[in-house]
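Each remark here refers to the structure printed beneath this line.
The values are calculated or read from the model by the stated rules, or taken from the named source; none is laboratory data. Keep in mind it's a predicted model, so treat the numbers as computed, not measured. Note: ideal-geometry Cβ built from the backbone for every residue, glycine included; neighbour counts use all protein chains shown. Note: accessible area is taken over every heavy atom of the protein model, side chains too, but ligands, DNA and RNA are not part of it. Shrake-Rupley method; radii C 1.70, N 1.55, O 1.52, S 1.80 Å.
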Amino acid sequence: MTTAAQRAAALREQLHEHAYRYYVLDDPGIPDADYDQLYRELEAIEVEHPELVTPDSPTQRVGAPPDSAFEPVRHRLPMLSLSNAFSEQEVRDFHRRAQQRSGEAELRYVVEPKMDGLAVSLTYEQGVLIKAATRGDGRTGEDVTANVRTIHQVPLRLSGDAPARVEIRGEIYLPLAGFREMNRRLEADGAKTFVNPRNAAAGALRQLDPAITAQRPLGIVCYALGDIEGFRLPTTHSALLEQLRSWGLPVSELNQPAEDIDACLDRYAALQAMRAELPFEIDGVVYKVDDLALRETLGQVARAPRWAIAHKFPAEEASTRLLDVEFQVGRTGALTPVARLAPVFVGGVTVSNATLHNMDEIERKDVRIGDQVVVRRAGDVIPEVVRALTEQRPADVHRVQQPPQCPVCGSDVIRAEGEAIARCTGGLVCSAQREGALRHFVSRRAMDVDGMGDKLIEQLVGSGRVQSPADLYTLTQAELAGLERMGEKSASNLVAALERSKHTELGRLIYAIGIREVGEVTAQALAQAFGDLQPLIDADEAALLAVPDVGPIVAQHVRLFFEQAQNLSVLQALQDLGVNWPSIDIAAKPAELPLSGKTFVLTGSLDTMTRDEAKQRIQAMGGKVTGSVSKKTDYVVAGADPGSKLDKAQTLGVEVLDEAGLAALLDGAG
Ligand code: JCF
């Protein structure tokens, strides 16, 4: 039996080690969620057995130990951290305590995104930046002035009426685009990459050579005041944020007032929904009592104010055991290694399967069966294994072997020269490929057959009743009603959905038939270029290459597809069974779309639509959306908190649109 004292000592040992790796080496050994769990366990033991608290317990300090490489800076007012809430209940408990202590029935809040970066303090004297310091342990931080001065978003001089002396607090962060670019370069140089943007930002900020910091596109968001002299403070936090903004300091565009705690929780949900689209990482939201006088009344406990709380999003990363790796066969025969995991709660759901992408990735990450691995589930993205915790590797792990035969049909598996992906050579002999092709055919953006689920497709393929997409259109209501999990009603709905799907568009059909490398955009381009199916079938390589977006590889796949007699007979059968589409008047096409020939780059987050929606609407009007700004870019659309693309646009003199400007263009008013 382990006693509480032994467990506390063991936890302290582990936490010390992990904290060192995290804060000093910028190279955490375990996901944050695992660290939090160990920390909370220790905290719980110490609450129950206060006599076990030691002065060196990791619970007895805020944040990191100051590092000797930088001069210590004593904060005039301690830099607080925030207490965390992980559930709605914890938020409501916080609110009730604040109500009781303040004696106020109604409390108004400001909701801010919680940037996943590093807290810093900036001191300005007579409006001039004289010092920048990290939080450190909350009382004493490190002097990082030289490095912070390289960050373009940090004003070296405040605009307007500046106080005699003011300390401003904010979060330094690395936008995701900058993080990915930085890791791409490190990887190309064979150097160690950073596990997340915050560690990369910490690494950049703690460079001994500011010239290196200057190369990282760091940003800052300001959210609080520290010590201030010679200035009349506003009475609310909202007004204070406006004051920061008028001094020229970046303040989040996503901050919003909330009338009550329910409005706070609504805003939490809204920001959580936006999270995956934001150009930077946030790990939760912060609720702050707006009335500064009430804050004084509420005061603080040891490490954190009683007037604010961080409501964390479910962790997107957690660690678990990799039990096995199986190979799934997709519609093109591609073999995807799928991790079977000991179930783990991550990103708000329990995950027991995750993708490992391909064999190269497995080797690059050196993931072995039996390893403790880090699983990531961000938003609605498919969960993936991001790395193995190799230091915790047990003795009995073994390497993942790619199967020489298809696990579904037994055909040979080959991996073409230079390709990352191995494929089953079985073609439509392989039921997995047939099922995949059918799933794709009926999917929403293809033929859009409502109610044709995976399980049903599995049954239809398994029994041999459906071999090709054309067979779907011969299914009868009576026949469907007799299948597992199908009633009369769903059978008749499905027949109606199949019937509806027959009236389609050429672009959808081309996408639906699943030519390799032909996604939605290329399918549309082919439809626009050829106007009907027969001219596309007849097109030679030169004609295909003349289509925008079509290169030699795509052209070759299109030719290969239509050279198969089998494919032509399926297309004929589809038409015989009533699948039809209007032909497109190709003579009238290009000049007609209002945004034809225009290239767009999107940066920052938009309020009225997601970036994906914006992209689709631009494309629907003939425009092109690319990922990077060049002289050929016509417009850069900058939403809230734009990334370095905006700077680049300004440097190159590319026209910048705000959200309203884009909306005007899309509505045809531009
Ligand atoms: O964005 C953040 N990480 C963040 C941290 C935002 C805030 O408004 C904070 C904070 C840490 C402490 N406010 C306090 C008082």
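Projecting the Cα positions of HIS16, GLY127, MET79 onto the charge dipole of the stretch 7-162 (unit charges on Cβ atoms of Lys, Arg, Asp and Glu, taken about the Cα centre) puts GLY127 furthest along the positive direction. Highest-first packing order for the peptide set 479-486, 640-647 is 640-647, 479-486, based on the mean count of other beta carbon atoms within 10 Å. Available extension along the chain between GLU277 and ALA293 is 2.1 nm, counting 0.36 nm per residue and deducting the alpha carbon span.
Work out the length of the dipole vector of the chain about its Cα centre, built from +1 on the beta-carbon of each Lys and Arg and -1 on the beta-carbon of each Asp and Glu, and round it to the nearest 20 debye.
That gives a dipole near 600 debye.
Size descriptor for the stretch 235-294, Kirkwood hydrodynamic radius: 12.9 Å (Cα pairs only, one decimal).
The label point for LEU233 and the one for ALA5, both projected 7 Å from the Cα toward the Cβ, are 4.6 nm apart. When the charge dipole of the chain is built from unit charges on Cβ atoms (+1 for Lys and Arg, -1 for Asp and Glu) and taken about the Cα centre, the candidate among SER501, ALA587, HIS49 whose Cα reaches farthest toward its positive end is HIS49. For LYS131, a cut-off of 18 angstrom between C-alpha atoms picks up no lysines at all, skipping any fewer than 8 places away in its own chain. Per residue, the solvent-accessible area of the chain (1.4 Å probe, heavy atoms of protein chains only, all protein chains present) comes to 48 Å². When the surface is traced with a 1.4 Å probe over the full set of protein chains, HIS311 keeps roughly 10 Å² accessible. Computed over the chain, relative contact order equals 9 percent, with contacts defined as Cα pairs under 8 Å that lie 6+ residues apart. Expressed as a whole percent, the accessible area of the stretch 202-293 that falls on carbon and sulfur atoms is 51 (1.4 Å probe). By the rule of a C-alpha distance below 20 Å, with chain neighbours fewer than 8 residues away ignored, the lysines paired with LYS455 are LYS489. Counted over all Cα-Cα pairs of the stretch 79-163, pairs farther apart than 15 Å make up 71 percent. Principal semi-axes of the equivalent ellipsoid, √(5λ) from the alpha carbon gyration tensor of the chain, are 51, 32, 25 Å from largest down. Computed with every protein chain present, the accessible area of ASP412 is close to 90 Å² [probe 1.4 Å]. With only Cα atoms counted, the stretch 323-417 has Rg and Dmax values of 13.8, 40 Å. Computed about the Cα centre, the dipole magnitude for the stretch 389-438 is approximately 60 debye when only Lys and Arg (+1) and Asp and Glu (-1) carry charge, each at its Cβ.
For the stretch 438-594, a Kirkwood radius taken over Cα pairs fed into Stokes-Einstein (25 °C, viscosity 0.890 mPa s) yields D = 148 µm²/s.
Given R0 = 35 Å, the distance between the Cβ atoms of ARG465 and THR608 translates into a calculated FRET efficiency of 0.15. Taking the average, over residues, of other Cβ atoms within 10 Å as the packing measure, peptides 421-430, 163-172 rank 163-172, 421-430 from highest down. Taking all Cα pairs closer than 8 Å and separated by 6 or more residues, the relative contact order of the stretch 28-159 comes to 28 percent. The Cα atoms of the stretch 128-262 define a convex hull whose projected area, averaged across directions, is 10.2 nm².
According to the Cα-based calculation, Rg over Rh for the stretch 359-474 is 1.07, with Rh computed by the Kirkwood formula. Backbone phi angles across the stretch 561-569, fed through the Karplus curve with coefficients 6.51, -1.76 and 1.60 (θ = phi - 60°), yield HN-Hα couplings of 4, 7, 7, 7, 4, 4, 5, 5, 6 Hz in residue order; Gly and Pro are listed as x. For a straight C-alpha distance cut-off of 12 angstrom, the aspartates and glutamates reachable from LYS632 (same-chain residues fewer than eight places away being disregarded) are GLU655. Each residue of the stretch 262-271 was assigned a 3J(HN,Hα) from its phi angle through the Karplus curve 6.51 cos²θ - 1.76 cosθ + 1.60 (θ = phi - 60°); the sequence is 5, 5, 4, 5, 4, 5, 4, 4, 5, 5 Hz, with glycine and proline shown as x.
For an R0 of 41 angstrom, estimate the FRET efficiency from the Cβ-Cβ distance between ASN580 and ALA105 and round to the nearest 0.05.
Taking R0 as 41 Å, the efficiency between ASN580 and ALA105 is 0.05.
Close amide H pairs (under 5 Å, H built 1.01 Å from N) link VAL656 with VAL636, residues at least 5 positions away or on another chain. Sorting the segments 453-463, 593-603 by their mean number of nearby beta carbons within 10 angstrom, highest to lowest, gives 593-603, 453-463. Karplus-derived 3J(HN,Hα) values for the stretch 219-235, using 6.51 cos²θ - 1.76 cosθ + 1.60 with θ = phi - 60°, are x, 9, 10, 9, 9, 7, 10, x, 6, 9, 10, x, 7, 8, 6, x, 9 Hz; glycine and proline are entered as x.
Beyond 21 Å, the tail of the calculated P(r) for the stretch 514-622 holds 46 percent of the Cα pairs.
When the charge dipole of the chain is built from unit charges on Cβ atoms (+1 for Lys and Arg, -1 for Asp and Glu) and taken about the Cα centre, the candidate among LEU428, VAL289, ALA276 whose Cα reaches farthest toward its positive end is VAL289. The stretch 9-53 and the stretch 105-168 have Cα centres lying 28 Å from one another. Here ALA664 and ALA342 are evaluated by their C-beta separation; at R0 = 56 Å the FRET efficiency comes out at 0.60.
Distance between the modelled labels on ASP209 and ARG157, one decimal in nanometres: 3.1 nm (7 Å Cα→Cβ projection). Just the Cα atoms of the stretch 395-463, one point each, no solvent: what log10 I(q)/I(0) does Debye give at q = 0.23 Å⁻¹? With one equal scatterer per Cα and no solvent, log10 I(q)/I(0) is -0.98.
Adding -39500 (n - 2.57) for every DSSP H run of four residues or longer, then dividing by how many residues the chain holds, sets the calculated 222 nm ellipticity at -10500 deg cm²/dmol.
Taking label positions 7 Å along the Cα-Cβ direction at both GLU363 and ALA44, the computed distance is 4.4 nm, reported to one decimal. The relative contact order of the stretch 185-272, computed from alpha carbon pairs under 8 Å that lie at least 6 residues apart in sequence, is 18 percent.
Sorting LYS631, LYS648, LYS114, LYS192 by accessible area puts them as LYS631, LYS192, LYS648, LYS114; the probe is 1.4 Å, largest comes first, and only protein heavy atoms count.
By the Cβ rule of 4.7 Å, the chain holds the following cysteines without a possible disulfide partner: CYS222, CYS264.
For ARG295, ARG303, what's the largest-to-smallest order of accessible area, 1.4 Å probe?
If we order ARG295, ARG303 from most to least accessible, we get ARG303, ARG295.
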